[in-house]
Every structure is written in structure tokens, then in C-alpha cells.
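Following: one structure in C-alpha cells, then a few remarks.
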Amino acid sequence: MTLLRTVDLTKIYGREPNLVKALDGVTMEVREGQFVAIVGSSGSGKSTLLHMLGGLDRPTGGQVFIGGKSLFEMNDDELTVFRRRKIGFVFQQYNLVPILNVYENIVLPIELDGNAIDREFVEHVVRTLGLAQKLNSLPGELSGGQQQRVAIARALAAKPAIILADEPTGNLDSRTSQEVIGLLKVTSRQFNQTIVMITHSEEIAQLADAVVRIGDGKIVGGMRP
Ligand SMILES: Nc1ncnc2c1ncn2[C@@H]1O[C@H](COP(=O)(O)OP(=O)(O)OP(=O)(O)O)[C@@H](O)[C@H]1O
Ligand SMILES: [Mg+2]
């Protein structure tokens, strides 16, 4: 079953003479439970695509459907609620809340949505990501790799239907990267989650079910079967 679908997605930043066509007609489909890697050189439009997939920013043209629902037909309030219920983000710059400690950051999306925290599951995620000793620390007291792991834990903790991750292993060593991808795969299977992950690493991309190659805002390499 298709969970995520884009139709002719276009994003233009700025205006002439500084116009940038960051996305240029991207049409793609991701099945429920699929783990898709997006690769492409710096500036090719990967983060822009991920932001559109999650409804964080509105495209210049085209559409995104998640579970058959058209994201950009919702108003901003509806979209915010939809995002919080369905999507877990791991941002390239982590986007942790600096005045909240690690634990508070991890459970924030669950609390914002007024849901009960599955403590056992959160503990499992925290342990797997090696954050158990850091729960009371503030993000500013952590290394880049540790902050990245908190961002991953936050995305996983709410068990969203879809996880959109921008270079989730960008700051991790190769062994930790493999472990994080392993955790993503296990939880995605357990909770039937769909994962779309940007990576620079071919090695990491090969762990995905399918690879989408982006160049100059277009899909240039198909999803291998
Ligand atoms: N807010 C913005 N305003 C203007 N131009 C932007 C903006 N965001 C991105 N761009 C431009 O759009 C293009 C695609 O950027 P994007 O961040 O999607 O690339 P990327 O593939 O994620 O790169 P990287 O691997 O370096 O993270 C780039 O040319 C970038 O300069
Ligand atoms: Mg990027």
C-alpha cells in the first residue's frame, strides 16, 4: 500500500536573478513500512524535499499525499496537528529545545499531543541510543553526535507512522551509525513505520529497501527494486 506520494513537486526559492529551483518536478511513491534512502550531492534539494514531504514548508507547485490525505489542502493548524500525530522528524540541525533536558526533549512531541508516554518503549530507545546517563543534561552540554541521538530518540518515542530523517547518522561514527540504522529498521518493522532518510553515505544507503537519487532538484536515479 502506498503511504506517501508526491506529484510533480516543485519548490522555487527567491526570484530572478537569484532564483533557485530547489525541486523540479519530483514524483515519487513510498510504500507503507518501506525504508527509503535519499542520496545526492550538497545543494541537490534533499532537505527541501524532506521538508515538503513532512509539510514543514509549502511547495511552489505539486502535491504531497500521506495516507491519501493531501497535505497542502490543509490549513496551517490542521497541518500542525497532522504532522504531530503522524510524522517524526530528525532534522539536519537537530532542533532540540535548549532549555529542556534530554528526557523532556524526547517526550515533548508526545506531551504536546496530550498522549500517554510508553515509558518502557522510551527507556528501550534511550538505552539503545546510549543516552541513559544523559537524560538530565541540557542539549548544550552534549556533543554533536549525542544531540543527534537525542533527535533520533525524540522522533522514535512517539511511534509516528512515518519518520523523516535528514542525515541522522551525519555526526556518528560508523559503528554507531550502523546501530542507529539497525534500531530504525527494528522499530519500523515493529510499528510498521515508514522511513525516508537522507544520507551522504553509500554504505548507509545500501541498508535501505530503496534508494532515490536526487540531482538538481530532480530524481535522477530510480528506486531500485
Ligand atoms: N530558504 C532558502 N532560501 C533560498 N534558497 C534555499 C533555501 N533553502 C535551500 N535553498 C537552496 O535550494 C537548493 C537545495 O537546498 P537543500 O538544502 O535542499 O540541499 P541539500 O541537498 O539538502 O544539501 P546538503 O546535502 O548540503 O544538506 C540549494 O541551492 C540551496 O541553496
Ligand atoms: Mg540538506
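The values are calculated or read from the model by the stated rules, or taken from the named source; none is laboratory data. Everything numeric here is computed off the predicted structure, so don't read it as measured data. FYI the Cβ positions are ideal-geometry reconstructions off the backbone, even for glycines, and counts take in every protein chain you see. Accessible surface areas use protein heavy atoms only, side chains included; no ligands, DNA or RNA. Shrake-Rupley method; radii C 1.70, N 1.55, O 1.52, S 1.80 Å.
Test Ile110 against the stated conditions and say whether it is touching a residue at least 60 places away in the same chain (Cβ under 8 Å) and of a type in the set (Val, Ile, Thr).
no
Restricting the search to the stretch 168-192, which residues are under 17 Å from Leu129 (Cα atoms), away from ligand 2 (no atom under 16 Å from the Cβ), open to solvent by 60 Å² or more (accessible area, probe 1.4 Å) and not in a helix (DSSP H, G or I)?
Across the stretch 168-192, the qualifying residue is only Asp173.
What number of residues within the stretch 4-17 are open to solvent by 70 Å² or more (accessible area, probe 1.4 Å) and near ligand 1 (Cβ under 8 Å from one of its atoms)?
Going through the stretch 4-17 one residue at a time, the tally reaches 1.
What are the pairs, 6+ residues apart or on separate chains, where a residue within the stretch 156-184 that is on the phi > 0 side of the Ramachandran plot has its Cβ under 7 Å from a residue that is open to solvent by 30 Å² or more (accessible area, probe 1.4 Å)?
Short answer, once both residue conditions are applied: Lys159/Phe191; Glu167/Gln92; Glu167/His200.
Given the criterion part of a strand (DSSP E or B), within 14 Å of Leu50 (Cα to Cα) and more than 18 Å from the chain's Cα centre (by Cα), identify the matching residue among Ile214, Ile195, Ile219. Spell out how you get there, then give the answer.
Numbers: Ile214 fails: more than 18 Å from the chain's Cα centre (by Cα); Ile195 fails: more than 18 Å from the chain's Cα centre (by Cα).
Testing whether each residue is part of a strand (DSSP E or B), within 14 Å of Leu50 (Cα to Cα) and more than 18 Å from the chain's Cα centre (by Cα) leaves just Ile219.
Quick one: which helices (runs of 4 or more DSSP H) lie wholly within the stretch 1-112 and hold at least 3 residues that are more than 16 Å from ligand 2 (Cβ to nearest atom)?
Output list reads 76-86, 102-112.
Got a sec? Which of Ala116, Ala132 is more than 19 Å from the chain's Cα centre (by Cα), more than 28 Å from Ala208 (Cα to Cα) and among the aliphatic types (A, V, I, L, M)?
Ala116
Would you confirm, using the coordinates I've provided, whether Asp118 is surrounded by 15 or more Cβ atoms within 10 Å (Cβ to Cβ) and in contact with a helix residue (DSSP H, G or I) (Cβ under 9 Å, 6 or more places away or on another chain)?
For Asp118, the condition - surrounded by 15 or more Cβ atoms within 10 Å (Cβ to Cβ) and in contact with a helix residue (DSSP H, G or I) (Cβ under 9 Å, 6 or more places away or on another chain) - is met.
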